[in-house]
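Heads up: the structure comes next, in structure tokens.
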There are 2 protein chains.
Amino acid sequence: MNREIRNIIIIGSGNVAWHLGKRITKKGFNVIQVFGRNEITGRHLARETGSEFVSEISLVRKDADIYILSVSDDAIEGLADRLAPAEGIFIHTAGSVEMDVFKGIIDNYGVLYPLQTFTRHRQIDFEQVPLFVEAGNTDTLRSLKEFASALTPLVYEAASATRLKLHLAAIFACNFTNHMYYIADMLLKPEGLPFEILLPLIMETAGKVSVMSPAEAQTGPAARDSLQVMDLHLKILGSTPSLVEIYDLLSKSIRAACETV
Amino acid sequence: MNREIRNIIIIGSGNVAWHLGKRITKKGFNVIQVFGRNEITGRHLARETGSEFVSEISLVRKDADIYILSVSDDAIEGLADRLAPAEGIFIHTAGSVEMDVFKGIIDNYGVLYPLQTFTRHRQIDFEQVPLFVEAGNTDTLRSLKEFASALTPLVYEAASATRLKLHLAAIFACNFTNHMYYIADMLLKPEGLPFEILLPLIMETAGKVSVMSPAEAQTGPAARDSLQVMDLHLKILGSTPSLVEIYDLLSKSIRAACETV
């Protein structure tokens, strides 16, 4: 029999916990406690979700329907150990932690992985957040899917191995992409040029891949195989060896991709 | 005395020529000829701009106010040589070609560099396209600035050395970013996951840097220094050495950037 999720305890008060907690509350679920090490963000999230803040794990209630562990990857197992035994389902929200981290600790467990980047003071349209669920048994899977579907229309099942690939893809599409923005910013700063000047280009680059594949969208000197331009760029970057290495490696990777097509 | 620009000849019919030509026509300027090697795109652009298409350089008129050379970097000088002598201003639209490519060929010359990625079948909001101008003398600079200002409100002066840095920044923010999307796509394909699943994340990653710096926006395992997660990812990527290299290099670069802040 699958358990209906109504009463929720949030473990952690970082960015994922924050946005998930607010969405959960907005959708009419009952957050009963927030547990966290950070008193400031923890109390803030408790206030936002109308729940109690606890900073001692022994004070976490045992009767919640679900315990959402939104903490750093290496803290999940230890916390689960100390939270058990409990009545409800244990889930984590990490991209690269196997669901089986809960095995032997609790009967009902799973994962709810949001494929999005969360920032504390930035609102997110949760209708646009894909949630990937996985569970240790079919009843729990049914409960989790029902719960996730109340939060977003974009609910998918994904086993741990698939989720890992999703997380990797997200690192390229988000973390590494942001680092490209960072390097661009570093290149403009000494010229006294504001980063804002790149925003139309950045938005267009992101928008293009909603109507064509990244393979089709590729432009630039590497795609055109403009050796002279690339040599010139490597010369200019010469004073920053790490940038030479990145420019060279990514240009070669683009060439290889273009030759594959 | 600065020359008022009214009659325009476009040399080339690639993506930049295409979008610039359409904008120019829309803004009431008179495109009189399109010269190009490619008959199909050349005739198409001539039709769109209500001008004549010529495929022989000897047929290009000598009396235009401006000749916009939107061709590949290494074709600019040779074409300018064959177009001269002429009455009007010669400009190119390239990021990494010095303005002085025109020196000794024609008296009045300059550059009009659009900081945007253009795709043939995708409309662009030209009000959002920054144009960087440079000219060989003050009269020409005044003419070019007036012309550019009719096309977009975002007109800036930039010497060749600055333009080169802008182009480099654009390569990171656009070309390399698109390649990150491409790799993400490659990672999802074997799992049967559609690229579309990443679009909300991609748009949010791009949107974030309009309200905070890329340094502040950085998230992910490298930013958190999650060695275990990064090791796991490198292991998974192991079958594709080029991806291992990119993941490793960019993660280290993110670490270095986070330690600088």
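From A:GLY220, A:GLY192, grab the single residue that is among the small types (Gly, Ala, Ser), out of contact with any Pro (no Cβ under 6 Å at 6 or more places or on another chain) and surrounded by fewer than 17 Cβ atoms within 10 Å (Cβ to Cβ). Walk me through how you get there before you give the answer.
Values: A:GLY220 fails: surrounded by fewer than 17 Cβ atoms within 10 Å (Cβ to Cβ).
When all the criteria are applied, what remains is A:GLY192.
Just to check your reading of the model, which residue among B:ILE254, B:ILE183, B:ILE197 is touching a residue at least 60 places away in the same chain (Cβ under 8 Å) and not basic (Lys, Arg)?
Going through B:ILE254, B:ILE183, B:ILE197 in turn, the sole match is B:ILE183.
How about region B:87-100: which of its residues are assigned to a loop (DSSP other than H, G, I, E, B) and at pLDDT 95 or above? Write out each step before concluding.
Just the residues of region B:87-100 that are assigned to a loop (DSSP other than H, G, I, E, B), to begin with: B:87-88, B:93-98.
Answer for region B:87-100, where residues must be assigned to a loop (DSSP other than H, G, I, E, B) and at pLDDT 95 or above: B:GLY88, B:THR93, B:ALA94, B:GLY95, B:SER96, B:VAL97, B:GLU98.
For region B:204-217, give me each residue that is at the interface with chain A (Cβ under 7 Å from one of its Cβ atoms) and either crowded, with 18+ Cβ neighbours inside 10 Å or small (Gly, Ala, Ser) (or both). Talk me through it step by step, then tell me what you get.
Looking only at region B:204-217, we keep the residues that are at the interface with chain A (Cβ under 7 Å from one of its Cβ atoms), and these are B:204-206, B:208-211, B:213-215, B:217.
B:GLU204, B:THR205, B:ALA206, B:LYS208, B:VAL209, B:SER210, B:SER213, B:PRO214, B:ALA215, B:ALA217, listed by residue number.
Only one of A:ALA222, A:ALA170, A:ALA184 is within 7 Å of chain B (Cβ to nearest Cβ), modelled with pLDDT of 95 or more and touching a Gly at 6+ places or on another chain (Cβ under 8 Å). Can you tell me which? Show your work before the answer.
Details: A:ALA222 fails: touching a Gly at 6+ places or on another chain (Cβ under 8 Å); A:ALA184 fails: touching a Gly at 6+ places or on another chain (Cβ under 8 Å).
Matching residue, one of A:ALA222, A:ALA170, A:ALA184: A:ALA170.
For every residue, the table says whether it meets (1) closer than 24 Å to A:ALA170 by Cα; (2) at pLDDT 95 or above.
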| position | (1), (2) |
| --- | --- |
| A:ALA64 | no, yes |
| A:SER70 | yes, yes |
| A:ASP73 | yes, no |
| A:ALA80 | no, yes |
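How do the pairs read when you match residues in region B:60-81 that are surrounded by fewer than 15 Cβ atoms within 10 Å (Cβ to Cβ) with residues anywhere that are acidic (Asp, Glu), using Cβ under 7 Å and keeping only pairs 6 or more apart or on different chains?
B:LYS62/B:GLU87; B:ASP63/B:GLU87
Kindly indicate which of B:SER13, B:SER55 is in contact with a His (Cβ under 8 Å, 6 or more places away or on another chain) and either more than 23 Å from B:THR140 (Cα to Cα) or without any contact (Cβ under 8 Å) to a residue 24 or more places away in the chain (or both).
Values: B:SER55 fails: in contact with a His (Cβ under 8 Å, 6 or more places away or on another chain).
One residue alone meets the criteria, B:SER13.
Does A:THR177 satisfy the condition of being at the interface with chain B (Cβ under 7 Å from one of its Cβ atoms) and within 19 Å of B:ILE202 (Cβ to Cβ)?
yes
Could you run through region A:146-164 and say how many residues are at the interface with chain B (Cβ under 10 Å from one of its Cβ atoms), more than 15 Å from B:ILE236 (Cα to Cα) and outside any loop (DSSP other than H, G, I, E, B)?
Total satisfying the criteria: 1.
The values are calculated or read from the model by the stated rules, or taken from the named source; none is laboratory data. Worth saying up front: this structure is predicted, and the values here are computed from it rather than measured. Counting neighbours? That spans all protein chains shown, and the Cβs are built from the backbone with ideal geometry, glycine included.
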